[in-house]
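Structure first, commentary second.
FYI, it's all coordinate maths here, none of it is from the lab. Owing to the predicted nature of the structure, the values given are computational and were not obtained by experimental measurement. Cβ sites come from the backbone with ideal geometry, for glycine too, and all protein chains shown count toward neighbours.
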Amino acid sequence: MSIQWLLDKMKSFSDKEAIIWKTNRYTYKQLLDRVDYWKTTLRDNGVSGGQVVAIEGDFSPNACALLMSLVDNGNIIVPLSSTLPAKQKSEFISVAETQVKYSIDSTDNFKFEALKTKTTNPLIRNLQSINEPGLILFSSGSTGKNKAALHNFTKLLNKYKTTRPAYRTLIFLLFDHIGGINTLFHSLSNGGCLILISERDPEAVCKAIQDYQVELLPTSPTFLNLLLMSEQYKYFDLSSLKIISYGTEPMPESTLKRVHEILPDIRLLQTYGLSELGILRSKSRSSDSLWVKIGGEDYQTRVVDDILHIKTDMAMLGYLNAPSPFDEEGWFNTEDRVEVDGEYFRILGRKTDIINVGGQKVYPAEVESVLLELEGITDVTVTGESNPILGQIVVARVNLAKEEKLTDLKKRIRDFCKSRLNPYKIPQKIEIAHDNQYTARFKRMRR
Amino acid sequence: MAIDRQKVLETVYASIEMINEDREDKESRLELKEETRLVGRQSKLDSLKFVGLIIDIEQRLADELDIEISLTDEKAMSQARSPFRNVQSLVDYICSLEV
């Protein structure tokens, strides 16, 4: 019973609103009834502790209750957002050695499927042997391969035992994101109310804030840019909103300042977290400042050659499909370049060449390799270019075997990439190069 | 130098047609008219497509009309009324820029 403490806490909130989903309100008591329903269902479906169980869907009453029942049952859980491309989903299911799959659709109906998989991964086997629940989250790796981070779920949840303020919170981040999981458990362990939404455009979000008196909006800089551009904040009553927290990608300073100008009474707080380490406690110096204190009691930080390193007991056990990233003393290199001012950090972005398009990572090598397959392209360099809306966009500078009109080339590239790359990885800007794009050492030049 | 509004409008339409080419479903195509919304929920563009459209317009303006401008700089982003509401406001904004 690894989360009995959480269920007890939830029980004490009995008739308070726990979640709102599609205009339906569920109290803590009703949500706990759902958890009980799932306990019975897991038994009926023959799902035993230790099995690896994928939940495919988005935040919904059943998805939340199932997640808790699975933790309680001692399962290793693989949340998979319904927005994942099919090919990636099946890859994740196989890397995680998934044995049972629950698919929850947009009306909250579910489908059960038992897969004939045997777990062989030593990290999974170890967790099974000590009867602890697990969580598998996928993050991007340096070659574009997604790394599977395995957490001990009991350890991850321990920090929610400390009582903290709870708000009416809109869940913006997805079900398979460390930030989404964090919002869920923070709210449920402190008696907060979660507003679950299925659409995430500025109008839908502003409407939900107005309709359900949302106080806390955890979101991304890209969304805030869209909010500014769409001017939807003018058409809805956002007076309930107290805090906007932002993370997942570097925040452009101009965006932060404009949000602060337009919504001066709302506190703007930066968050910092990684799928490998969880979400750190953080405190922004002020609403219009990018300087942030990060750490908290469970996390140690140090800066080596301008790069942030973190050590914590909350860290994952390891990757299922990659070597351990921790050094002998347990430090994790975040590869985030930072500036330091006393206790405050300013996060400058990744030290590597990773391009961050609206919070989604793009590895130049992957895009380059696809483009090089296209007839007539002799060389290509893919880089990121800063863009005030998406943070960065993908730019491809290509060398051609023979002259071609730019508009024709753009169309060929789009058509070719459509079936080979996620939309956000397809180059937005194409430039034709007339010179060589490598140095004397035959290293690619990324300007 | 004054900018020819009609030519700018045609350039914006050419970029919209590029987006439409990728859309088999007629419903999801953008209409070639000045009232067509570019951002917000009534727009048929997600953020990626929207940025793609703006970049394509910038490139066409430079290549075809010799107008070198940035549509997503500080100035454009800090207008009291967003220039990206619809085709008309975007064309007006481009024409208002000193080249």
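Here are the numbers:
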quantity: On Cα atoms only, tilt of A:61-72 relative to the major axis of chain A in degrees; calculated: 70
quantity: Approximate spin-label separation B:E10-A:D435, in nm, with each point projected 7 Å along Cα-to-Cβ; calculated: 3.5
quantity: Mean Cα-pair separation over length for chain A, i.e. relative contact order, pairs under 8 Å, 6 or more apart, %; calculated: 10
quantity: Calculated FRET efficiency for the pair A:N190/A:Y37, C-beta based, R₀ 30 Å, to 0.05; calculated: 0.80
quantity: For chain A, built as a Gaussian network whose Cα springs stay under 10 Å, the top-fluctuating residue of A:E329, A:E276, A:E431; calculated: A:E329
quantity: Prolate/oblate/rounded call for the stretch A:354-432, Cα gyration tensor, a/c under 1.5 rounded; calculated: prolate
quantity: Percent of beta bridges antiparallel (DSSP, chain A, rounded to nearest 5); calculated: 65
quantity: The stretch A:107-167-the stretch A:245-314 distance, computed between alpha-carbon centres (Å); calculated: 24
quantity: Net charge contributed by nearby residues that have their C-beta within less than 12 Å of A:D33 (K/R +1, D/E -1); calculated: +3
quantity: Rounded, prolate or oblate (a/c below 1.5 giving rounded, otherwise prolate when a/b exceeds b/c) for the stretch A:173-308 by Cα gyration tensor; calculated: oblate
quantity: Cα gyration tensor, the stretch A:30-111 - rounded (a/c under 1.5), prolate or oblate; calculated: oblate
quantity: Fluctuation leader among A:P133, A:P388, A:P250 - chain A, Gaussian network, Cα springs under 10 angstrom; calculated: A:P388
quantity: Long-range lysine pairs (8 or more apart or interchain), the stretch A:354-432, Cα under 21 Å; calculated: 14
quantity: Selected from B:L32, B:L65, B:L48 as most flexible by GNM, with chain B as the system and alpha-carbon contacts under 10 Å; calculated: B:L48
quantity: Degrees separating the helix A:86-95 axis from the principal Cα axis of chain A, which is the longest one; calculated: 60
quantity: With eigenvalues of the C-alpha gyration tensor scaled by 5 and rooted, chain A, Å; calculated: 36, 27, 23
quantity: Two-site FRET efficiency, B:E35 against A:T83, from Cβ-Cβ distance with R₀ of 25 Å, rounded to 0.05; calculated: 0.20
quantity: Degrees separating the helix B:87-96 axis from the principal Cα axis of chain B, which is the longest one; calculated: 10
quantity: Estimated FRET transfer efficiency when R0 is 45 angstrom, pair A:D306-A:R25 (beta carbons, to 0.05); calculated: 0.40
quantity: Percentage relative contact order, the stretch A:354-432, counting C-alpha pairs under 8 Å, at least six apart; calculated: 32
quantity: Shielding score for A:414-420, defined as the mean number of other chain Cβ atoms within 10 Å; calculated: 1
quantity: Pairwise label distance in nanometres, A:E373 with B:L65, each label 7 Å out on the Cα-Cβ vector; calculated: 3.8
quantity: Loop-exposed trypsin sites (Lys or Arg not before Pro) per DSSP, neighbour cap 13 Cβ within 10 angstrom, longest uninterrupted part of chain B; calculated: B:34-80
quantity: Whole-Hz couplings from phi, Karplus 6.51/-1.76/1.60, listed for the stretch A:359-367; x for Gly and Pro; calculated: x, 9, 8, 10, 9, x, 4, 5, 5
